Every structure is written in structure tokens, then in C-alpha cells.
Amino acid sequence: MAARTQDDLRQLRLRSHRLAESPSRGPVETVRRMLAVQAQNLPGARWSLGLRTPGLTDAALADALHGGTIVQTWTMRGTLHLTAPADAPWLLSLLGPRAWSGRGKLWRDAGLTGAVFAKAADVLGASLEGAALPRTTVLRLLQDAGIPTGGQRGSHILRYLAETQVVIIGPPQGRTQTFALFRDRIPAVEPPGREEALARLAFRYISGHGPATARDLAWWSGLTLTDSRLALHLAEPDLAVLPADGEPSYVDPGVLDARSGGPVPAHLLPGFDEYTIGYADRTLVLEERHRSAVGPAVNGLFRPALAVSGRIRGTWEQEIRGGSVCLAVAPFPGEAPAGTGGEAALRAAADRYSRFLGLPVVLDGADG
């Protein structure tokens, strides 16, 4: 297989992400394609799905979350993600132990023990039967049962119970987070064996994120590098391996017929979009000299990013003013906001965001 240019690789990645010529037909298909979409910033995660799903609105996506066709939980790295209900059990079984394995000192310092977690599971197992209750109510139930939830104890307890498939984030009540029993919201499925789960993880990650390496998979999943290499080895018969000087990269064979040319595409990526955060090595799409402008910052946050033809060229922020969304775009020093034809591409990206939100969007600072 002939070596590909950096532009070729970016085009392949855009196609894997459903940001190029093969967008998804619906939000559930998008989530399944991506396998998991980082979602500690839920409005940003919803826009991540909107970017990849033509015609999707934020209101329709809220309905999907409420109806449980898409769910939110701590699938990996101790971080909230959106995923399809059928994928939550095996992802948690495979990746949950890695996520909580490094929290021993935190739990000891907070006075959290196996007995505390077991008691909390019993309390919520009885209290949440057939119900979804606000987070504040859930914490009060634990407190009333003699389980202190002050400081970070409540957060640790809820996250662990979610990772062990006792509870899951339930349908939102406006902006209020709720919790429900895992078994009430997730279908019972027979879990795959470990090797099958590893192969499934690698194939699904590459299908939604490739080209990517074992190190990228390790970062994204929280697995060890050894397990990530094993996972890709198990999935390799169904993947294409791209030539590389060092660590090989993998891609879904279905995206190798990427087309080039056409209008310059621009994407207003939310702060934690998988296109930015889903890799250990982000230099294919973001030059190292600009990394600090996007993140992660000291507080771990990633700023919304402007991507043009697959390369991140700046950041953006928004402000709601009188029923309109005002977008301020800040190109990196020396960068035009979107290159040749950039103004039209940027306007098209803003118009798509407007249709998703159902609000007018005013684009400021596009000329840099």
C-alpha cells in the first residue's frame, strides 16, 4: 500500500468521524459508529453528534437521551461518554476495572470502602426501582441511610456504582441530572469474552476514529499499551494497516476510497470533540505550537476548535444574546480563518450550528 500524505490521512480521519462525505443517517447510528463520545460537557457532546448527523436538532437529540436510545455514563477513563445502550455493559465490564484501579488512595482518604459501596448499592437498588430521581435526591437517600456524601464522597460513590453497572444517568429533567437503575435502562445482554471484547473495542474505535495507533487506542480507552496492541492484533483481519516509520496506524477499509477536492469544509468542533481529544498524538490535526490554545488547559478543559479541511486553525466561543448565539472565531496567529473560500465555509458551518440549535447565529470575528 502506497504511503499517504498528511492531507490524505486527515481526509481519512474526517471520513471515519462522519465529518466528510459519509455522514450518519441518525444520532443512534452516529453513536454506534463512534462507539463512545466524550460527554462531561453534555451540550458539547450533543453538538458533536449534530456535526455528524445531517438534519439533527438539539431538541430531537434531547428526545433520544430521554427515551434511552442514547445513554450517558462513565464508560472509560472515569469520564462521562454517550454510547448506545447495547454497548454500555461490555464497555463497562472491559474498561471499568482500569478506570477505578488507580483510585485506591482517593477512596481511602475519603473513607470509602467496599462495605460502603455495597451498602450504597443496596440503598439505591431499592430506592430507584422503576424510577429516575434527581442527583440531589439520590445523594439525600444515601445520606439518610447513614452514608455521608459530603466533599467528593457522593461523586465517587455514584461514579463507582455506574462503572459497576448498578446505576446509570437517567433521562434529563431539563438541566437536572437524574439517576436510574442500570437494569431498568439497559437491555440484558450476554457479555463477550475478554478477547472478543478487546477485538470489538479496537475495530469500533478505529472505525470511528482511524487512522489511529495502539497508543491512541490506549489513551482513548484507558487500557494498557500492551492490551491495546493485543486488541488491534485481534481486530487486524478486519482492518487496513497503513505504512508508517514507527507505530503502525489502522483504518477501516471502508474509508480508504476517500475523495479529494470540492468545497473547503469547515467544522465548529465543541471543546471535547472526539476529533480533537480521541488520540494520544494529535499532531495530525493540530500543530504542537497551537496545542495550548486548544487544551487541555490546567483545569483539564478543551476549548472549542475551528477545523478546516481536517486541520485545526483556531478556536471559537459563543455567547447567548437576546435569543441569538454570537460566535467569536479566533484564528491562530498567522492563520486565515478558513483559507481560500474560508468565509463561505465558515458561514456554512455557522448556519449548520444555527439549524441544530434552532436559534439564529451571528458570526463575529470571522475575518481574523
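Side notes on the structure shown:
- Subset of the stretch 272-303 that is farther than 22 Å from L42 by Cα and outside any loop (DSSP other than H, G, I, E, B) - its residue that is most open to solvent (accessible area, probe 1.4 Å): R289
Matching residues to (1) farther than 27 Å from T79 by Cα; (2) at pLDDT 90 or above; (3) among the hydrophobic types (A, V, I, L, M, F, W, C):
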site	(1), (2), (3)
V285	no, yes, yes
P296	no, no, no
N299	no, no, no
G322	yes, no, no
C326	yes, yes, yes
G334	yes, no, no
A345	yes, no, yes
S354	yes, yes, no
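- When residues of the stretch 132-149 are limited to those that are aliphatic (A, V, I, L, M) and more than 27 Å from the chain's Cα centre (by Cα), the one nearest to G174 (Cα to Cα): L141
- So L82, is it modelled with pLDDT under 95, of a type outside the set (S, T, N, Q) and within 23 Å of L181 (Cα to Cα): no
- Qualifying residue in the stretch 104-117 (condition: modelled with pLDDT under 95, closer than 21 Å to S228 by Cα and either within 22 Å of the chain's Cα centre (by Cα) or among the small types (G, A, S) (or both)): no
- One residue alone among L94, L133, L106 is not in a helix (DSSP H, G or I) and not charged (D, E, K, R), and that residue is L133.
- Filtering the stretch 151-166 to residues that are surrounded by fewer than 16 Cβ atoms within 10 Å (Cβ to Cβ) and either among the β-branched types (V, I, T) or touching a residue at least 24 places away in the same chain (Cβ under 8 Å) (or both) leaves G151, Q152.
- Every pair of residues 6+ apart whose Cβ atoms lie under 8 Å, when the first sits in the stretch 224-236 and is closer than 13 Å to Y250 by Cα while the second is part of a helix (DSSP H, G or I) and open to solvent by 10 Å² or more (accessible area, probe 1.4 Å): S228/R215; S228/A218; A231/A199; L234/E195; L234/A199; A235/A199; A235/R200; A235/F203
- Filter pass, L306 being open to solvent by less than 20 Å² (accessible area, probe 1.4 Å) and at pLDDT 90 or above: yes
- Flag for T136 being open to solvent by 40 Å² or more (accessible area, probe 1.4 Å) and either among the hydroxyl-bearing types (S, T, Y) or touching an Asp or Glu at 6+ places or on another chain (Cβ under 6 Å) (or both): yes
The values are calculated or read from the model by the stated rules, or taken from the named source; none is laboratory data. Note that the structure is predicted; figures quoted are calculated from it, not measured. FYI the Cβ positions are ideal-geometry reconstructions off the backbone, even for glycines, and counts take in every protein chain you see. Remember, those area values only see protein heavy atoms, side chains included, never the ligands or the DNA or RNA. Shrake-Rupley method; radii C 1.70, N 1.55, O 1.52, S 1.80 Å.
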